[in-house]
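Colleague: Have a look at this one.
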Amino acid sequence: MKGSEAIIESLKAAGVEVVFGLPGGMVIPLYDALYDSDLKHFLVRHEQGAAHMADGYARATGRTGVCIATSGPGATNLVTGIANAYMDSTPMVAITGQARSDLIGTDAFQEADITGITEPIVKHSYLIKNPNDISRIFKEAFYIASTGRPGPVLIDIPADMQLAEIDYRPAGKIDLPGYKPTLKGHKKQIISAAKAIAAAEKPVFYAGGGMIIAGAEKELLAIAKLMKIPVTTTLMGLGCFPEDNDLSLGMLGMHGTGYANYAVTHSDLLIGVGARFDDRVTGKLETFARHAKKIHIDMDPAEISKNIAIDIPIVGDAKDVLAGILAELKAMKREPKKTAPWLDQVIAWKKKHPLHYKDEKGSIMPQFVIEEVNRITKSNAILCTDVGQHQMWSALFYTHTKPRHWISSGGLGTMGFGFPAAIGAKVGCPDKTVIDIAGDGSFQMNIQELATAVCYDIPVVVCILNNGFLGMVRQWQELFWSKRYSETAISCQPDFAAVAEAYGALGMTITKKKDVGDAIRTAIKSKRPAVLDFRVKPEENVFPMVPAGKSIDEMIGGHKT
Amino acid sequence: MKHILSVLVENKPGVLARVAGLFSRRGFNIDSLAVGITENPDVSRMTITVDAEEHPIEQVTKQLHKLINVIKITDLDAEKTVARELALLKVKSDAKTRAEVMQLAKIFRAQILDVSRKTITIEITGTFEKIDALEQLLQPHGVVEIVRTGRIAIERGEK
Ligand SMILES: Cc1ncc(C[n+]2csc(CCOP(=O)(O)OP(=O)(O)O)c2C)c(N)n1
Ligand SMILES: [Mg+2]
């Protein structure tokens with residue numbers, strides 16, 4: 001068997017069904033083997049698209065996403081996608097071709113040290129130097145990518161390794177002496193946490209992306225209901241707690257809801273689960289949840305007390321740990337009414353500081369488009385986003401109720417992520433309605449993947465909130481830089497609907513509020529890839545907002561006037 | 001504060017780059033780094049000396065633990081550790097000063113490795129401080145070149 005065939009065998013052994021990629025000189029042997037295999041390959045138009053598709057696929061399905069690129073420029077085109085997966089802990093295996101092993105280090109044609117380039121943004125990487133290692137390395141790579149705190153693993157494969165004749169043997173048992181993720185939470189810590197929760201008068205859950213990875217939503221809901229604890233989620237955690245539940249506070253942080261930020265600030269117990277106290281969440285660290293005792297449950301020990309001192313750390317899988325806490329709480333005697341005044345306070349904040357926006361006659365408000373998507377899909381779609389204002393409106397004005405239905409670039413904030421991620425999500429979940437909320441700026445960063453969507457007939461609906469600006473940056477300029485709009489006006493736009501039509505997708509331009517709903521319905525019904533260009537109010541801002549470096553209860557805007 | 005981290009790693013390609021890269025990314029300067037194989041040829045030991053506060057050293061060791069090829073990290077307790085370094089010093093010395101330099105070397109239990117008309121090369125093993133002290137004393141003669149291995153360290157006792 002050839003090395004390239006061993007790669008295909010190894011992918012199949014890992015349960016891989018689909019891969020996203022684009023060939024080139026140093027992966028021709030691999031693509032030749034792929035030609036005869038029943039793996040489904042999606043040919044992209046730019047390797048960044050392949051990485052984001054693999055990422056979106058992984059987030060929607062929970063399975064490991066796979067992308068392939070050739071050496072040199074193909075590999076470097078993956079870099080943003082790998083970094084994005086790393087920051088958001090997505091399980092991904094990226095396969096790159098490499099110059100022949102005897103040429104490595106000679107600046108050979110299309111040689112790039114991709115293991116070196118990606119070293120800080122991968123969970124692990126391999127450069128294959130012996131073709132007999134292929135099956136072992138692939139098995140390890142998928143194991144590492146998908147277990148513990150997930151992340152991208154890169155496998156760099158010189159062309160001669162793909163060509164080599166080998167005696168293929170399926171990989172044996174995994175032996176990684178330095179890799180032993182802690183899954184089970186420490187019993188004593190679990191008991192301490194349960195006691196702290198039972199004793200708290202103003203508890204709040206702060207739940208992040210780790211909740212989604214762990215699939216711990218049932219346990220969270222059970223504890224929240226049992227103990228009457230309100231829950232706020234991070235951008236990455238949206239969907240891990242149903243926002244139609246009274247205990248939901250929506251998102252917290254820089255663009256969080258007023259009530260979430262007030263609740264966290266005034267809480268006496270903050271229970272962080274699968275979240276990492278990121279600066280976009282905490283604002284000024286010294287004042288974040290300053291009255292609260294802090295519990296932190298996380299898979300990654302390095303996240304604990306990284307930014308904020310934690311009173312009760314618990315390393316482990318969120319599902320296991322929360323189940324443990326739930327069992328302890330159930331076994332305990334409790335005073336049920338203890339948090340009642342706190343919940344009253346939370347409800348009062350919700351009433352006083354609801355999310356809202358001012359409708360403007362003659363304009364399509366961007367928030368309204370999100371509300372319409374929410375209404376028409378019955379909060380049931382997989383919602384993907386790019387990065388910017390439209391992303392924050394999608395986070396705030398859509399009702400997130402289910403895990404793995406919200407796919408957005410959190411840690412890296414990658415413009416251009418949403419559309420290819422939506423394609424990947426649709427490939428993984430063909431029965432779901434998949435909507436990409438895009439910015440007019442962001443969409444153009446991977447607009448070429450329209451070809452991929454059309455070619456394979458992947459019906460995602462792109463809703464561009466076209467404000468003619470790199471809106472989020474413009475907002476900062478408006479608020480903090482005296483309205484000096486340096487290089488943020490992008491009114492020189494293509495006709496997006498015409499571009500979509502030219503690619504063979506459905507394209508529509510929507511300029512009137514009354515047409516918004518129909519356009520969305522028509523696009524979903526068409527079962528074709530579709531691009532809806534909503535001409536929204538250009539200078540609308542995302543509120544509330546916590547200015548950089550401020551405490552999260554020092555929000556501006558967003559108060560109902 | 002100086003820390004000596006004793007890091008057991010799988011003897012795999014790229015390990016050194018990963019470990020060194022992690023320190024620089026997290027803003028640490030490595031004072032010294034010594035690498036060698038252990039009693040198990042598949043496992044190497046890195047002895048890394050860094051200057052750091054308590055909190056960031058904890059963060060960097062946690063991050064180090066996340067490297068797949070890192071098996072074990074010990075932040076060695078200075079009190080319970082024997083640390084040694086080896087240095088080679090080439091010192092200017094001619095017939096007039098040779099005796100004095102050799103006398104100094106003797107006091108420090110250093111070895112004379114090579115003598116030329118104008119230089120003496122000395123090998124010294126000892127603590128970081130001892131090597132510094134000898135170097136200071138030899139400075140007036142003119143130190144042409146120093147080569148130091150960086151610290152290696154082992155815990156006292158049976159463990
Ligand atoms: C690749 C990349 N480049 C630059 C940025 C900085 N940035 C953040 S939001 C933003 C504006 C995005 O504009 P658009 O996609 O139109 O979204 P809007 O904010 O207008 O909704 C920019 C430029 C980024 N996040 N990613
Ligand atoms: Mg815009």
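Every number in this text was worked out from the coordinates using simple rules, so none of it is lab data. Every value quoted in this text rests on a predicted model; they were computed, and no experiment measured them. Virtual Cβ from ideal backbone geometry, glycine too; neighbours counted across all protein chains shown.
Colleague: Tell me which of A:Ala489, A:Asn466, A:Val454 sits at the most positive position along the dipole axis of the range A:435-496, charges placed on C-beta atoms (Lys, Arg +1; Asp, Glu -1).
Modeller: Of the candidates, A:Ala489 comes out farthest on the positive side.
Colleague: When 1/r is averaged over all different Cα pairs and the result inverted, which Kirkwood radius in Å belongs to the range B:88-159?
Modeller: Radius from the Kirkwood sum: 12.8 Å.
Colleague: What's log10 of I(q)/I(0) for the protein assembly as shown at q = 0.09, 0.10, 0.11, 0.12 Å⁻¹, Debye sum over Cα points only, no solvent?
Modeller: Ignoring solvent entirely, the Cα scatterers give -0.88, -1.03, -1.19, -1.33.
Colleague: Taking a cut-off of 19 Å, what percent of all Cα-Cα pairs in the range B:2-76 are separated by more than that?
Modeller: It works out to 24 percent of all Cα pairs.
Colleague: Which FRET efficiency value, to the nearest 0.05, do you get for A:Glu539 and A:Ala348 by plugging their Cβ-Cβ distance into 1/(1 + (r/R0)^6) with R0 = 25 Å?
Modeller: 0.20
Colleague: At q = 0.11, 0.12, 0.13, 0.18 Å⁻¹, what log₁₀ I(q)/I(0) does a Debye calculation on the Cα points of the range A:3-163 give, no solvent, two decimals?
Modeller: One equal scatterer on each Cα of the range A:3-163 leads to -0.34, -0.41, -0.49, -1.01.
Colleague: Check A:Cys384: other-chain or 5+ apart residues with amide H under 5 Å from its amide H, H built from backbone geometry?
Modeller: A:Ile407, A:Ile435, A:Asp436, A:Ile437
Colleague: Out of A:Leu238, A:Asn261, A:Ala224, whose Cα points farthest toward the positive end of the dipole of the range A:223-278 (charges: +1 Lys, Arg; -1 Asp, Glu; placed on Cβ)?
Modeller: Most positive-ward Cα: A:Ala224.
Colleague: First measure r as the distance between the Cβ atoms of A:Lys378 and B:Ile154, then evaluate 1/(1 + (r/R0)^6) with R0 = 60 Å and state the FRET efficiency to the nearest 0.05.
Modeller: With a Förster radius of 60 Å, E is 0.35.
Colleague: Can you give the calculated 222 nm mean residue ellipticity of the protein assembly as shown, where each DSSP H run of n ≥ 4 adds -39,500 (n - 2.57) and the sum is split over every residue, rounded to the nearest 500 deg cm²/dmol?
Modeller: Calculated mean residue ellipticity at 222 nm is -10000 deg cm²/dmol.
Colleague: While we're here: So what are the range A:242-281's ellipsoid semi-axes, whole angstrom, largest first, if each one is the square root of 5 times an eigenvalue of the alpha-carbon gyration tensor?
Modeller: 16, 12, 12
Colleague: Report the FRET efficiency, 1/(1 + (r/R0)^6), for A:Tyr456 and A:Asp32, where r is their Cβ-Cβ distance and R0 is 22 Å, rounded to 0.05.
Modeller: Rounded to the nearest 0.05, the efficiency is 0.55.
Colleague: Please go through the range A:472-561 and write out the trypsin sites (Lys or Arg not before Pro) that DSSP classes as loop and that have at most 16 other C-beta atoms within 10 Å.
Modeller: Qualifying residues, ordered by number: A:Lys483, A:Arg484, A:Lys512, A:Lys527, A:Lys550, A:Lys560.
Colleague: Find me the longest stretch of chain A that has none of the exposed GluC sites (Glu not before Pro), where exposed means in a DSSP loop (not H, G, I, E or B) with at most 12 other Cβ atoms within 10 Å.
Modeller: Here the longest segment lacking exposed loop sites spans A:1-200.
Colleague: Throw me the Rg/Rh for chain B, computed over C-alpha atoms with Kirkwood Rh, two decimals.
Modeller: Expressed as Rg/Rh, it is 1.06.
Colleague: How far apart, in nanometres, would the label points at A:Asp107 and A:Asn245 be if each is projected 7 angstrom from Cα along the Cα-to-Cβ direction?
Modeller: Between A:Asp107 and A:Asn245, the simple spin-label model gives 6.0 nm.
Colleague: Considering only chain A, what is the antiparallel percent among its DSSP beta bridges, to the nearest 5?
Modeller: 5 percent
Colleague: Now for a different question. Where the only charges are on Cβ atoms (+1 Lys, Arg; -1 Asp, Glu), what is the dipole of the range A:320-376 about its Cα centre, to the nearest 20 debye?
Modeller: Working: 11 positive and 8 negative charges, 77 e Å.
Magnitude of the dipole: close to 380 debye.
Colleague: Ok, one more. In vacuo Debye scattering of the range A:143-270, one point per C-alpha: log10 I(q)/I(0) at q = 0.20, 0.23 Å⁻¹?
Modeller: -1.22, -1.41
Colleague: Under the rule a/c < 1.5 gives rounded, and otherwise a/b versus b/c splits prolate from oblate, where does the range A:21-106 land using the Cα gyration tensor? Walk me through the numbers before you get to the answer.
Modeller: Numbers: a/c = 2.16, a/b = 1.34, b/c = 1.60.
Judged from the Cα gyration tensor, the range A:21-106 comes out oblate (a/c at least 1.5, b/c at or above a/b).
Colleague: List, in the order given, every pair from A:Lys12/A:Lys319; A:Lys293/B:Lys66; A:Lys293/A:Lys330 whose Cα-Cα distance in the structure shown is over 32 Å.
Modeller: Numbers: A:Lys12/A:Lys319 29 Å; A:Lys293/B:Lys66 27 Å; A:Lys293/A:Lys330 22 Å.
Distance filter (> 32 Å) returns an empty set.
Colleague: In whole angstrom, note down how far apart the Cα centers of the range A:28-77 and the range A:310-364 are.
Modeller: Result: 40 Å between the Cα centres.
Colleague: Still on this structure, I have one more. Need one number for the range A:187-352: average projected area of the convex hull over its C-alpha atoms, nm².
Modeller: 8.2 nm²
Colleague: What ratio of Cα Rg to 2.2 N^0.38 Å holds for the range A:366-535?
Modeller: This ratio for the range A:366-535 stands at 0.96.
Colleague: Kirkwood-based Rg over Rh for the range A:372-448 (C-alpha set), two decimals?
Modeller: Details: Rg = 11.5 Å, Rh = 12.3 Å.
Here the Rg-to-Rh quotient is 0.94.
Colleague: Going by Cα centres, the range B:93-159 and the range B:8-53 are how many Å apart?
Modeller: If you average the Cα positions of each part, the centres end up 26 Å apart.
Colleague: Quick one: Cα convex hull volume of the range A:396-492, Å³ per residue?
Modeller: 120 Å³
Colleague: Here's a follow-up. Which residues' amide hydrogens lie under 5 Å from the amide hydrogen of A:Val19, considering only partners 5 or more residues apart or on another chain, with H built in the peptide plane?
Modeller: Excluding prolines and chain starts, which carry no amide H, the hits are A:Lys40, A:His41, A:Phe42.
Colleague: Run the quick spin-label model on A:Asp175 and A:Asn132: label points 7 Å from Cα toward the beta carbon, then report their separation in nm to one decimal.
Modeller: The modelled label-to-label distance comes out at 1.4 nm.
Colleague: Here's a follow-up. Does anything in the range A:103-139 have its amide N under 13 Å from the 7 Å Cα→Cβ label point of A:Met1, and if so which residues?
Modeller: A:132-139
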